Amino acid sequence: MRMMGFGRDDTKETPDMVIPQVNEILEPVKSLVRVRFETFDRELTYFNDLFNLKEGDRVFVSGKLAGKVGYITSVTTKFRIRLSDYERVIAVAQTPVHGSYVPVMDKMLSYDSIALSPDEFRTWFFHPEEPVDGPEEIIYGDGYVIPLDDPHKAEGATPPVFDRALEYCRTGKIGYVSVRDGVGRAYVAGSEWYELEFTIRNNAIQEAYCSCPYAGLCKHLLAVAIMLSVMAGNGKLDLTRDFVLIDTNRFYEMIRHNEQAVTV
Ligand SMILES: [Zn+2]
């Protein structure tokens with residue numbers, strides 16, 4: 001086991017010890033921050049009075065770039081400004097990724113109880129003012145059922161949907177899957193992020209729903225089932241335990257900008 005993604009303070013830690021540093025438990029410190037938006041090659045200044053921000057934090061802001069992800073490049077706590085001149089920082093991703101992980105296929109797997117929760121993952125990729133579920137959401141029926149020993153057999157798993165689901169597995173679209181006490185949550189990125197909920201019982205995904213608009217068993221649910229089925233079939237994943245799976249590319253994206261206490 002080796003430590004990775006760490007920075008200046010790691011000498012205090014033993015390799016198996018993980019210290020979660022949760023942003024929101026810190027008292028907010030008013031600051032003026034520079035935020036870099038890599039995809040737009042732009043850096044802008046924002047006012048912050050909600051968080052205790054530091055360099056490297058991943059944030060969402062108000063204004064023109066609402067919904068885009070930026071990284072803090074500098075923090076100033078001495079300033080005299082006219083507030084109306086500034087847009088604000090409205091959310092910060094909860095960092096770091098905590099827990100011990102092992103690579104499995106194109107995912108990072110953790111059985112650690114402190115590994116990243118679905119709500120924490122959500123803060124990384126979902127704009128806080130855009131809920132996944134609409135205000136008038138209704139749930140009807142008992143959800144979809146997909147047998148994990150053979151996802152082909154799921155009712156509604158038509159060949160076209162199955163092929164699309166396989167493609168989603170192959171192209172790293174499944175960002176995150178976790179199961180706690182038999183209750184699963186997953187995030188799959190299509191044209192946007194979709195949120196999936198399900199239970200695992202009797203070696204099957206049950207009571208499964210996805211937030212996408214597709215009417216029927218969708219490629220997102222099927223993709224998650226196929227992935228879990230393959231990993232469990234290879235003996236790489238123990239479905240009877242609580243676990244967290246994070247796409248490897250996303251994982252490294254999440255730890256790239258921050259000092260971490262993650263063991264891999
Ligand atoms: Zn879906």
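Taken together, the values in this text are just the output of simple stated rules run on the coordinates, not laboratory data. Since this is a predicted model, take the numbers as computed values, not measurements. All Cβ positions, even for glycine, are placed from backbone atoms using ideal geometry, and neighbour counts span all protein chains on display.
A few remarks follow.
- Selection from C169, I146, G184, by position along the positive dipole direction of the range 139-184 (Cβ): C169
- Under 5 Å between amide hydrogens, built in the peptide plane, is the criterion, and for K107 it picks out T248 among residues at least 5 positions away or on other chains.
- Taking only alpha carbon atoms, the range 31-92 gives an Rg to Rh ratio of 0.92, where Rh is the Kirkwood radius.
- Within the range 61-113, chymotrypsin sites (Phe, Trp or Tyr not before Pro) in DSSP loop having at most 14 other beta-carbon neighbours inside 10 Å: F79
- The alpha-carbon of K107 sits under 26 angstrom from the alpha-carbons of these lysines, leaving out residues fewer than 8 places away in its chain: K68, K153, K173, K219, K236.
- Rg over Rh, two decimals, the range 45-144 (C-alpha only, Kirkwood Rh): 1.08
- Test item: Cα-centred dipole of the range 158-251, Lys/Arg +1 and Asp/Glu -1 on Cβ, debye: 180 debye
- Taking only the alpha carbons of the range 96-255, we obtain Rg and Dmax values of 14.6, 41 Å in that order.
- DSSP beta bridges in the range 31-92 [antiparallel fraction, %, rounded to 5]: 95 percent
- Euclidean distance of C-alpha centroids, the range 229-259 and the range 70-104, integer Å: 25 Å
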